[in-house]
2 protein chains.
Amino acid sequence: MNDTFRPIARLARGFMDRRAGELRAERRIIEAVSNVYERYGFERLDTGSFEYADALGKFLPDADRPNEGVFALQDDDEQWMALRYDLTAPLARFVAQNWESLPKPFRRYAFGTVWRNEKPGPGRGREFIQCDADTVGSARPESDAEMIALAVEGYEAAGLDPADYVLKINNRKLLNGLLASAGVDDGRQQMAVLRAVDKLDRLGPDGVRYLLGAGRKDESGAFTPGAGLGAKAIESVLAFVSASSAGSRDATLNEIAKVVAGSAEGDAGLEELSKISAALTGLGVADDRARIDPSVVRGLEYYTGAVFEAELLLQTKDERGNPVSFGSMGGGGRYDDLVARFTGETTPATGFSFGVSRLASALRAAGKDEAAAARGPVVVIAFDQADMPHYFAAASELRAAGIPAEVYLGGSGMKAQMKYADRRFSPAAVMLGGDEIAAGNVTIKDLDQGRAAAAGLTDHAQWKEGRPGQVTAPRDELVAIIRRIVGGEP
Amino acid sequence: MNDTFRPIARLARGFMDRRAGELRAERRIIEAVSNVYERYGFERLDTGSFEYADALGKFLPDADRPNEGVFALQDDDEQWMALRYDLTAPLARFVAQNWESLPKPFRRYAFGTVWRNEKPGPGRGREFIQCDADTVGSARPESDAEMIALAVEGYEAAGLDPADYVLKINNRKLLNGLLASAGVDDGRQQMAVLRAVDKLDRLGPDGVRYLLGAGRKDESGAFTPGAGLGAKAIESVLAFVSASSAGSRDATLNEIAKVVAGSAEGDAGLEELSKISAALTGLGVADDRARIDPSVVRGLEYYTGAVFEAELLLQTKDERGNPVSFGSMGGGGRYDDLVARFTGETTPATGFSFGVSRLASALRAAGKDEAAAARGPVVVIAFDQADMPHYFAAASELRAAGIPAEVYLGGSGMKAQMKYADRRFSPAAVMLGGDEIAAGNVTIKDLDQGRAAAAGLTDHAQWKEGRPGQVTAPRDELVAIIRRIVGGEP
């Protein structure tokens, strides 16, 4: 094999290999959240990885590099297909295609990989897992409230404490109503206002004031065009987004009403939020778990009413030990026009999406990812090819008792085998040498106890004499002894 | 929204929407098989969806339509990436990239979607789920035996009866040794022989005889070139592949030895199979669960030694009621040269792959997919907006008791709501009308009992009078009554 082409073994840019601990934490989250969704009567749906590009809301390319932001390719029949970038666009396509035959409202949940063709960076991969619930076909604010309750239960089922996070609720209609009162009803200008407000955390009210008006030049001299609002509208927007969200939901609504009330759209938004708040109380979601916060924006253009965002409250630390705020762990909102892209008919819909990797990071930040630390298998040491049947019998007995176990199947000697067991985080090694087999015995090494004891010893001779955590016992006590070790009993 | 472009809501060609029942069955299989893998000491690994095309074993394109058979696209930096078509090629890349830091042997399992850019057809999608275990770094035949034992335990954990299926074992070295004795040692000619033997089921010995020799013309007149063996070699191959596999593993090996023994490679293959058979016995896998069968080929070129195939023995029926043999549900084998594509160094490896969808179909064929029939949520009927808090409280109580429940959140009346509950396969509907609330009662409709009773009634008036399966009780008995209904108690 010397003349042949040898590819370099390397990961594709922005994609990751993930090992057992991380995957165990992720699976636990998906199961916890899925169970909550099922308890709320949502049924699982899985759409394919690919959708036609036009169905995803991107349009046919005229350039060499089509569909910026998605992974797209042209099929044999010339149609452009793209990997889904979220789970909502495929749901809208599915609902439009199957509306007649679905139970209505249609309550579905989904989890799966989504792909973004973006520039990868540290912690920013080009694929990740989302876990969503959506209700399509209900215009009731109660279905929005349910999304928030689902999120609260989901985060707690995944392991967060109530004090660790908060849900923030807003409604696009409030700001749109306020803008309408100021004579601004152009969709693009509304989106520019939203984008400006979205920078409140980073730039503060003064920076946002420029972005709402004529534009802003940053320290580097780069200029961002503004939304072009007049001075009075700018101050209204800033008063709105700064309305305190610290009190009860009703208190916040009263405060917002002072700024927003009067336009039809603003009043509709207030009415919806008021019903959402009442339903949340009915669902047992207290005021401090889910607050009304007028500064929440959510970047996506397709939201038409209520929007939700889940924020981790824990201060986490970066690699240098500096405190960083973790930010959003998931969110959602109402999108009444997404199905209409296909059908032309408004179909009310609302949903919430957990970012599974973000939530896993949040749990890690909160010191709650025990799953990652789980144990490896018991390793049965292989001394002699002729005794393989004995080793296999021991491993089979342990498995039958529900204890992960394996026979070492490499070609190395005793020392390397013990090192292997250590690297697998094995709780114990099982030794069936010729002497043990002849005497009907088994030697078992408790690797945890051995590691702990070894830490207190000062020299190798002492270790060799004491053989910490090692016991020789009748062969038929194998399972009982290992069970004690695995169970952590003395 | 009248002038805008409306895409047609349609599935991308070869991709599927899958609903709750099918997904539940699939998830159950993945969990059962994963648990078996973990009990055998395999650790989960997940590689990314994309690999560089050269790492997958395809080569850089010179045409407009590169990488036939895979979904490939060119990244910003001009490199060609492709979606993985199995889980083995990414494993080989991962192992080559991380060999120094891995515990050896490296025992990993994986499940996930794989993609094939092939012409879709009925039951043939362009993505499906595989669930694999592989051991890299062990040349021992015992590690092959373990793959077979894993497969047996996996199929049974997923729900197949022992009599429903059989594992078939062969070794590429047998046929290669036989061909070497006949003077054939060209790799391409060996593969042509394998492809001919692979058609034994369909063409019988006479058809295969042509394909081993000069070639074969089928009924349509199309000509398939043959492997070009001489007459004597052809008869040896046919004697080999027809060796009976009905007896014990040792009896079959004895019979094969008569045809194959004498060449170094054939003897090595016999020796390996003999050790695999002994280890299987040690692992408790009886001769009728895993047979040695010289007609098993496995299409993939990369196998270098033992190959395995799982076959469903149940006769299933097609849509017209004709019996059809189901064929392969999964398979695997030894591939000692796959990591060497990257490193130049032979790295022994063996694995087994469950086709999850095939196994789900097999379970359905065997009448063992109860998962698909699972229940929907209890539906709380919504009569009056003002009473929403009562409905939500009832649903919350049921969920807290672990019973899936939802409040109907659509805009329709009572009749449509009952129809909705029926379509969701709800076990019960909960009614809290004004009268019930005032009296501190709840009305519960047992939908199963109602459906059963309704089947025995002859007219609507009779039904209306009897109200089968409907009970009004004190509100605080809600959970207890629903629990009886869901539990199926009288």
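Here are the numbers:
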| item | result |
| --- | --- |
| Which listed pairs, of A:Lys119/A:Lys232; B:Lys173/B:Lys199; A:Lys445/B:Lys173; A:Lys419/B:Lys173; A:Lys119/A:Lys419; B:Lys199/B:Lys232, have C-alpha distances above 29 Å, in listed order | A:Lys119/A:Lys232; A:Lys445/B:Lys173; A:Lys419/B:Lys173; A:Lys119/A:Lys419 |
| Inter-copy spacing of A:Gly284 label points, which lie 7 Å from Cα along Cα→Cβ, given in nm from shortest upward | 4.2 |
| Over the protein assembly as shown: helical MRE at 222 nm, DSSP H runs n ≥ 4 each giving -39500 (n - 2.57), nearest 500 | -12000 deg cm²/dmol |
| Amide proton proximity set for B:Val70, modelled H, under 5 Å, gap of 5+ | B:Asn117 |
| Per the axis that maps chain A onto chain B, nearest residue of A (Cβ criterion) and its distance in Å | A:Leu73, 2 |
| Residues whose placed amide H lies under 5 Å from that of A:Gly331, excluding near-sequence neighbours | A:Ala310, A:Ser353, A:Gly355 |
| Order by protection proxy (mean Cβ within 10 Å, highest first), peptides A:408-416, A:428-436, B:407-415 | A:428-436, B:407-415, A:408-416 |
| Length released on extending from A:Leu300 to A:Lys368, taking residue separation times 0.36 nm less the Cα-Cα span | 21.4 nm |
| Pairs from B:Lys217/B:Lys317; A:Lys104/A:Lys275; B:Lys168/B:Lys317 whose Cα-Cα separation, in the structure shown, is over 26 Å | B:Lys217/B:Lys317 |
| With DNA, RNA and ligands ignored, accessible area of B:Thr113 (1.4 Å probe; Å², nearest 10) | 40 Å² |
| Average other protein chain Cβ within 10 Å of Cβ, residues A:126-136 | 1 |
| On Cα atoms only, tilt of A:88-98 relative to the major axis of chain A in degrees | 80 degrees |
| Sparse-neighbourhood loop sites, trypsin sites (Lys or Arg not before Pro) in region B:8-59 - DSSP loop, at most 12 other Cβ within 10 angstrom | none |
| Inter-label distance, nm, simple model (7 Å from Cα along the C-beta direction), B:Asp287/A:Phe223 | 8.9 nm |
| DSSP beta bridge pairing in the protein assembly as shown, given as percent antiparallel to the nearest 5 | 85 percent |
| Gain on full stretching of the segment that runs from A:Asp86 to A:Arg202 - 0.36 nm per residue minus C-alpha separation | 39.1 nm |
| Förster radius 41 Å - calculated FRET efficiency between B:Ala264 and A:Glu68 (Cβ-Cβ, nearest 0.05) | 0.10 |
| For region A:304-382 and region B:98-135, distance of Cα centres in Å | 26 Å |
| Cα point-scatterer Debye curve for the protein assembly as shown, base-10 log of I(q)/I(0) at q = 0.05, 0.06 Å⁻¹ | -0.38, -0.54 |
| Point-to-point label distance, A:Val324-A:Asp384, nm (Cα→Cβ direction, 7 Å offset) | 5.7 nm |
| Segment B:Gln189-B:Ala400, length gained on full extension (0.36 nm per residue, minus Cα span) | 69.3 nm |
| Proximal charge balance of A:Gly137 [Cβ under 15 Å; K/R count +1, D/E count -1] | -2 |
| As computed over region A:8-130, the Cα convex hull volume per residue (Å³) | 144 Å³ |
| Sequence-distant residues sharing a close amide H with A:Gly376 (under 5 Å, placed H) | A:Ser426 |
| Exam field: B:Ala439 pseudo-label spacings to other copies (7 Å along Cα-Cβ), nanometres | 7.9 |
| For region B:184-258 and region A:267-294, distance of Cα centres in Å | 73 Å |
| Inverse mean reciprocal Cα-Cα distance (Kirkwood Rh) of chain A, Å | 26.8 Å |
| A:Ser274 versus A:Glu78: modelled label distance in nm, points set 7 Å from Cα along the beta carbon direction | 5.7 nm |
| Solvent-accessible area, 1.4 Å probe, carbon plus sulfur percent, for region A:71-164 | 48 percent |
| Positions from region B:277-296 whose accessible area shrinks by 50 Å² or more when the full protein complex is built, not the chain alone, probe 1.4 Å | B:Leu283 |
| Distances in nm from A:Pro225 to the matching label points in the other copies, shortest first (labels 7 Å along Cα to Cβ) | 6.4 |
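The values are calculated or read from the model by the stated rules, or taken from the named source; none is laboratory data. Please read all numbers here as calculations on a predicted model, not as lab measurements. Note: ideal-geometry Cβ built from the backbone for every residue, glycine included; neighbour counts use all protein chains shown. Ligands, DNA and RNA are stripped out before the accessible areas are found, and what is left, the full protein with its side chains, is counted by its heavy atoms. Shrake-Rupley method; radii C 1.70, N 1.55, O 1.52, S 1.80 Å.
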